[in-house]
Every structure is written in C-alpha cells, then in structure tokens.
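Notes to accompany the following structure.
Bear in mind these aren't lab numbers, they're just calculated from the coordinates by the rules spelled out. Every value quoted in this text rests on a predicted model; they were computed, and no experiment measured them. Cβ: placed from backbone, ideal geometry, glycine included. Neighbour counts: every protein chain shown.
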Amino acid sequence: MARFMRKARVGAVVRTNQDKTAIVEMVWKQRHRLYRKQMRRVARFYVHDEENQCRLGDTVRIEETRRISKNKHWRLIAILERKEVADVRPIDLETDVGQEITQPRILAAETRAAAAEAEPQDVLEEAVVEEPEAEEAVEEEFEADEEAVEEELEADEEAVEEEPDKEEREAEGEPEEVEEEAGPEEEPAKEAPETEEPDEQEEEE
C-alpha cells in the first residue's frame, strides 16, 4: 500500500505491559444519525513500539502498516507529548518541608492515635461494669420465678388437702339429714294420741 494512502491516528497510551507493544486509545464524539445526540466513541489500537519508548499517558501519532501479529498492524511514528510524572514520592515531599509546618500534623496524628487506643479500653470497662448488673438482674428474676413456682405448688397442695376434708364432711352430713327428716315425721304421730283423748272424754260423758 502506498504511504500516502495509509491511515494515521493520534491517541493516548493506556497500556505498556507487553514487550515492543503499546495500546493506544483514541476517543472522539459522533452525533447519532436519528436522535442527534452526541455519543462518545472509543477505539483501541495495538501499536508496534520497537524501542519501548512509550509511557502511560503519552500522546502519540501512529500509522497503519503491514500486519505484524494477530492484532498488531499499527506502528509508532512520533511521540507528540510526554506526560509529566513526579519522580518524588509524597512522603519525601513532607520530609523536606520545615518542622513548623509538619509539627502540627504530627501532633494531631499522635492525639488521634491515642484517642483511638483509649476508646476500646473505655468500652471494655463499661462492658465489665454492665455485666455484673445484668447478672444481678438475671438472678433476681430467677429467684422471683422460683418463689412464684413454690407458691403455686403450696396452693395446689392446700387445695388437695381441703378436698378430702370436704368429702369427709359431706359423708358425715348425710345421716344427719336423714335423722332430721325422720324427726318431723314422728312428731305428728305423737300429736295424734293427744288429739284423741278429748274425743274419748266426750264419749264417756
């Protein structure tokens, strides 16, 4: 293919894990033909980087070429812009700053650490204080339940003892009722002769 007919693209490097290969991502916007809404389109290209020059975030120009591998048929033309990455770690930056700035931070961190260590101890002490109170409450409830059960048993025993007494009383009361019933029947028999005496006297007269 003639060089003037080869496609060229500009994108950002998103991955450089493989040897002599970089993945370049190109992002553009396209309007939907029916709804006329902007859509974000993304395309990724496997680029041949012979000298491993690409770094993450670099803006590069790539060009279409013959197929080099299964997925790779683009090659690196130029690195347009390098992404600036800080070589110094944030911890090193803090150590370079004067003590007037870092000292308050250190003191605040120490106080936070001390407070964090003290909180669990306070929680444990409160839990230890609350546990005896809970045990006492449970013991009191258990004792109250035992007393209630004992009272119920005593009441049942008394009821059982009273039932035979009632039966005995009822058994003794039956003859009394019979005697009482027989008493009124005998009284009219006694009265009869008394009523007959005046009749006899009248006859004699």
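Miscellaneous remarks
- Filtered residues of the range 18-68 (kept if free of Cβ contacts under 8 Å to residues at least 40 places away in the same chain and small (G, A, S)): A43
- Leading residue by the ranking (farthest from the chain's Cα centre (by Cα)) among those in the range 15-32 that are outside any strand (DSSP E or B) and loosely packed, with under 10 Cβ neighbours inside 10 Å: D19
- Test: residue in the range 37-49 that is among the acidic types (D, E), surrounded by 10 or more Cβ atoms within 10 Å (Cβ to Cβ) and part of a strand (DSSP E or B): no
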